[in-house]
Amino acid sequence: MPGTRDLIRRVMIAVNRIDGAYYRFSKDLGLKSNTLDLLYALDDGRVHSQKQICEEWLIPKTTLNTIIKECEASGYVVLQAVPGQKRERRICLTPSGRALAREKLAELYAAESEAMSDTLQSHDPAFVSALESFSDSLCVSFETRSKSSKCKE
């Protein structure tokens, strides 16, 4: 069995390749990668706050604010107050934003489904849970060793 260092390096390379694939695909779709991330996050039909998207998608607050302003100006999203919160806002897709998400994400979802199907034919689906577990453990390990390294703010 390969050493831990080799396994972690392989995971890092795989993660970087995945990030790169999404980045390049966003360009093919004519979107900034962070705009694609925002549409993807909002396309699950749930309510999302700016803080939640920053934490889950690791988009810096200033970057997310810029993307939201651009999407607001284009009529794709609206911000709504969160009851009981003075500064927190919910981000909601408008009807034209939902149409844009449907159009831009359809091909991406098809590619993801194809890749997952191919992967699951030759690998145990537990690999997803294992990757999530590794991610959680890595965050905890980094946070115990660093004052500035946080997986969630």
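What follows draws every value from the coordinates through simple rules; no lab data is involved. All values reported here derive from a predicted model rather than from experimental measurement. Because the Cβ atoms are built from the backbone with ideal geometry, glycine has one as well, and the counts that use them run over all protein chains shown.
Tabulated values for the structure
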quantity: Relative contact order computed over the chain (Cα-Cα under 8 Å; 6+ residues apart), in percent; calculated: 17
quantity: Interchain or long-range residues, amide H under 5 Å from residue 89's placed H; calculated: 50, 51
quantity: Relative contact order (%) - the range 65-126, alpha-carbon pairs under 8 angstrom, separation at least six; calculated: 22
quantity: Per-q log10 I(q)/I(0), the chain, q = 0.12, 0.15, 0.16, 0.19 Å⁻¹ (Debye; single scatterer per alpha-carbon; no solvent); calculated: -0.65, -0.98, -1.08, -1.33
quantity: Max mean-square fluctuation residue, GNM over the chain, Cα-Cα springs under 10 Å, options 63, 119, 35; calculated: 119
quantity: FRET efficiency, 1/(1 + (r/R0)^6) with R0 30 Å, evaluated for residue 78 and residue 116 via beta carbons; calculated: 0.40
quantity: Length-normalised contact order of the range 1-66 in % [C-alpha pairs under 8 Å, at least 6 apart]; calculated: 19
quantity: Net charge dipole size for the chain [Lys, Arg +1 and Asp, Glu -1 on Cβ; Debye, nearest 20]; calculated: 760
quantity: Fully extended contour minus Cα-Cα distance, from residue 141 to residue 62, at 0.36 nm per residue; calculated: 25.7 nm
quantity: Whole-Hz ³J(HN,Hα) from phi, Karplus 6.51 cos²θ - 1.76 cosθ + 1.60, for the range 138-145, glycine and proline x; calculated: 5, 4, 4, 4, 5, 5, 6, 9
quantity: Highest-fluctuation residue, 92, 139, 71 considered, GNM on the chain with Cα pairs under 10 Å; calculated: 139
quantity: Cα shape, the range 39-85, gyration tensor, a/c 1.5 rule; calculated: rounded
quantity: Label-point separation, residue 94 to residue 127 (7 Å along Cα→Cβ), nm; calculated: 4.2
quantity: Note, ³J(HN,Hα) from phi for the range 113-128, Karplus 6.51, -1.76, 1.60, rounded to Hz, x at Gly and Pro; calculated: 4, 4, 5, 5, 4, 4, 5, 5, 5, 10, 9, 5, x, 5, 4, 5
